[in-house]
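Read through the structure below, which is laid out as structure tokens, and then see the notes.
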Amino acid sequence: MQPLQDRFSRRFTYLRLSLTESCNFRCDYCLPDGPDCSSRKYEITLPEVRRLVTAFAKLGTTKIRLTGGEPCLRKDLSEIIATCKSVPGIEKVAITTNGYRMKRDLQDWKEAGLDAINVSVDSLDPGTFHLVTGQNKLSDIIEGIDQAVDMDFATVKVNTVLLKQYNGGELPEFLKFIKDRNVALRFIELMRTTDNADYYQRQHVSGQDIKERLLKEGWSLTSRADNAGPAQEFAHPDYKGKMGLIMPYSKDFCDDCNRLRVSSLGQLFLCLFTEQHQDIRQYLQDDDPQPLINALRNNVMLKKATHGLHEGNSGATRHLAMIGG
């Protein structure tokens, strides 16, 4: 079967699937007032996940990332992991989490087939972490990260949203953190959404200065796998861990896009910042994948060349918990 490809010859081997919009953290840049829980009763079900992933796999998708909100709020998370991993063609199942359940549930996730884990840590200072997230969980989360490293997951990554007034000066601490840990750290530029224009102006930090500093200090850019995310990743001979930068405002960021997103309500997002989504849930009610395959092929042709962030476009994304970033 021909792989899923848009009119710009970009192939989509990576699906980011949101399992819920809800989260138990109150991150300053995402859900400072808490989530709207009204969508929980409409969340995508386990059989729908299986049908969705099956269709994507038939179209050449090899990697699934389970996101949120906070995916650990789903009581059937281990079953979802196992279901995704059991689909022929799926090589890698990953999760992005705030880490609050890692110490308790890592073994279950590993046994279910989870390959990789990304943990959000926006500061290594407990007080700053509390200010950003509303939670005093930093020490538990760090212990969970170390536990994941010891359990030999294929990759363990730490995601840090760059925030000028919170972690803008923490690069030395983060570099020390990965000095002797086999962890890939990702600095992510804050992105503007429809609800954070003022916050974005106050807090946005460009990753370009960090990139130039890394290169001056002996870090080198590494190659990226076909189903990898958008980070530019750097390695250094004196560091066990790696550094990554996700810079959506950088030139040509969208040229090699390989990702599509589906929300917890069964909506296809061709881009994180799309103006509209396509409701594909009707195709998830039957085991025949062909109608969904046809819909995906047709819809992907609507994908634009770029996200339009440089022109101030934030699309229909209300907040990052809506579709998992």
List the longest stretch of the chain that has no exposed loop site; here a site is one of the GluC sites (Glu not before Pro) assigned by DSSP to anything other than H, G, I, E or B, with at most 14 other Cβ within 10 Å.
-> 92-216
Express in nm, to one decimal, how much length is gained between Q2 and N182 on full extension, taking 0.36 nm for each residue of separation and deducting their alpha carbon distance.
-> 61.1 nm
Would you mind telling me the share, in percent, of accessible area of the chain contributed by carbon and sulfur at probe 1.4 angstrom?
-> 47 percent
FRET efficiency for D287 and E91, using Cβ-Cβ distance with R0 set to 22 Å, rounded to 0.05 = 0.45
How long is the gain from N294 to M151 if the chain were fully straight, where each residue apart is worth 0.36 nm and the alpha carbon distance is subtracted?
-> 47.5 nm
Most to least accessible of S120, S264 (protein chains only, probe 1.4 Å) = S120, S264
Report relative contact order for the chain in percent, whole number only (criteria: Cα-Cα under 8 Å, sequence separation at least 6).
-> 22 percent
For the chain, what is the calculated [θ] at 222 nm in deg cm²/dmol (nearest 500), taking -39500 (n - 2.57) for each run of four or more DSSP H residues and dividing by its residue count?
-> -8000 deg cm²/dmol
If you average the sequence gap of Cα pairs under 8 Å that are 6 or more apart and divide by the length of region 169-288, what percent do you get for the contact order?
-> 24 percent
Measure off 7 Å from each Cα along the Cα-to-Cβ vector at D238 and E173, then give the distance between these two points in nanometres to one decimal.
-> 2.2 nm
Label point 7 Å out from K216 along Cα-to-Cβ: which residues of region 174-189 have amide N under 14 Å?
-> none
Specify whether the C-alpha gyration tensor of region 149-215 places it in the rounded, prolate or oblate class, a ≥ b ≥ c being the square roots of the eigenvalues: rounded for a/c under 1.5, otherwise prolate if a/b is larger than b/c and oblate if not.
-> prolate
Figure the gain on full extension for D279 and S206 (residue separation times 0.36 nm, minus the Cα-Cα span) and round it to one decimal in nm.
-> 22.9 nm
Using packing as a proxy for protection, rank 285-294, 153-162 so that the peptide with the highest average count of other Cβ atoms within 10 Å comes first.
-> 153-162, 285-294
Hull-based mean projected area of the chain, where the convex hull spans the alpha carbons, in square nanometres | 15.2 nm²
The chain - accessible surface per residue (Å², probe 1.4 Å) = 43 Å²
Pull out a ≥ b ≥ c, the square roots of the eigenvalues of the alpha-carbon gyration tensor of region 64-172, then state rounded if a/c is under 1.5, prolate if not and a/b is larger than b/c, and oblate in the remaining case.
-> prolate
Area accessible to solvent at D76, 1.4 Å probe radius, in Å² = 40 Å²
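The values are calculated or read from the model by the stated rules, or taken from the named source; none is laboratory data. For clarity, every value in this text was computed on a predicted model and none was experimentally measured. Neighbour counts are summed over all protein chains in view; Cβ atoms, including those assigned to glycine, are modelled from backbone coordinates with ideal geometry. With ligands, DNA and RNA removed, areas are computed over all heavy atoms of the protein, side chains included. Shrake-Rupley method; radii C 1.70, N 1.55, O 1.52, S 1.80 Å.
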